[in-house]
Amino acid sequence: MEWLESLWNIVLLSRTEGDSILLGDIVLVVLLLIGAYIFVSALQFFISKRLDSSELHSDVVVVVKRVSFYIIATLVALTVLSILGIPIGVFAFATGAIAIGVGFGAQNIINNFISGWILIAERPIRLKDFIEIEGAYGTIEQVGTRSTRIHRSDGVHMLVPNSKLLENTVVNWTLIDKRIRTTVKVGVAYGSDVKKVADLLEEVVTSHPDILSKPAPEFIFDDFGDNALIFETYFWCDVSGERSLRAIRSDIRFAISEIFEKNQIIVAFPQRDVHLHANQPLSVKMENGD
């Protein structure tokens, strides 16, 4: 025990105030850091289990875990300084120097860090939200300290700086709810029964399971086109993103094509009538060939 005590009291650093940093203090700090890491990991695991079983949104769970981590990290840092006998005032000069360095060299990092906390606090975007930014579509997977990870519709992961999400226009498709209105347009040949066309469109749209009955779908005779009578239908869907919306529109077009074929409604295609004016009759003959 005497040998262990002498080893514990080995002086590593002496200071003018009379205090010294002992080997035992360093060992105690290391043990404290290891214990704090184990405690934080266990606490976050416990918080995740409890909050995941509740009705809270997943981004709220992330906020609670992150705030608890920073609080515990701050307490551990203060405890370490207390054990080593280092007053906080010693860091006043260093803090000022760091602040100057940050002002010149780390503006973007600090900007993105603060923007990340603003995104977490205001929640204009949340985990699993489907957003559109600069022509890219994707689902929010993680709001990190510096950047936000987005899983695009094509399977690619995109990292966007947090400040960019605050400074640029972001379209959040699922901010309030997942209801999205979309449209399908079709042109039928001149001479078609327009009332029957409208009835067939209504039959197709109202029978699709993913289309909402409220608000009710709308069926518009849009225009007399150059080559077709243009019909357009508007309907609301409960979807999670652009991929689902495109699939629903595809289903509607397949069903329209099938029901039009059964009822002998011709989907129009571009065509032109050519009139030839001549002083004498023109001879026309057909020749075999490619």
Does segment 194-224 hold any residues that are within 14 Å of N263 (Cα to Cα) and touching a residue at least 40 places away in the same chain (Cβ under 8 Å), and which are they? K196, V197, L200, L201, E203, V204
Does K285 qualify as being outside the structural domain of D154 (by TED's automatic domain parsing), more than 30 Å from T139 (Cβ to Cβ) and surrounded by fewer than 15 Cβ atoms within 10 Å (Cβ to Cβ)? yes
Hits in segment 241-288 (condition: among the hydrophobic types (A, V, I, L, M, F, W, C), closer than 23 Å to D226 by Cβ and without any contact (Cβ under 8 Å) to a residue 24 or more places away in the chain): V274, L276
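Residues checked against (1) more than 26 Å from G225 (Cα to Cα); (2) surrounded by 13 or more Cβ atoms within 10 Å (Cβ to Cβ):
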site	(1), (2)
K128	yes, yes
Y137	yes, yes
D154	yes, no
V184	no, yes
Apart from one, (1) within 27 Å of R123 (Cα to Cα); (2) exposed (fewer than 15 other Cβ atoms within 10 Å of the Cβ) all hold for T206; the odd one out is (1)
Residue list for segment 266-278, filter: within 42 Å of the chain's Cα centre (by Cα) and in a loop (DSSP other than H, G, I, E, B): I266, A268, F269, P270
Residues (of a type in the set (A, V, I, L, M), surrounded by fewer than 17 Cβ atoms within 10 Å (Cβ to Cβ) and within 20 Å of V171 (Cα to Cα)) located in segment 108-126: I118, A121
Test: R253 is more than 15 Å from L201 (Cα to Cα) and either at pLDDT 75 or above or not in a loop (DSSP other than H, G, I, E, B) (or both): no
Segment 158-209, residues that are of a type in the set (A, V, I, L, M) and closer than 19 Å to T139 by Cα: M158, L159, V160, L165, L166, V170, V171, L175, I176, I180
Residue list for segment 152-175, filter: out of contact with any Asp or Glu (no Cβ under 8 Å at 6 or more places or on another chain) and not β-branched (V, I, T): R152, D154, G155, M158, L159, P161, N162, S163, K164, L165, L166, E167
Under 6 Å between Cβ atoms, at least 6 apart or on separate chains: pull out the pairs that start in segment 35-51 with a residue that is in the same structural domain as K65 (by TED's automatic domain parsing) and end on any residue that is exposed (fewer than 14 other Cβ atoms within 10 Å of the Cβ) and at pLDDT below 80. none
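The values are calculated or read from the model by the stated rules, or taken from the named source; none is laboratory data. Bear in mind the structure is a predicted one, so any value in this text is a computation, not a measurement. All Cβ positions, even for glycine, are placed from backbone atoms using ideal geometry, and neighbour counts span all protein chains on display.
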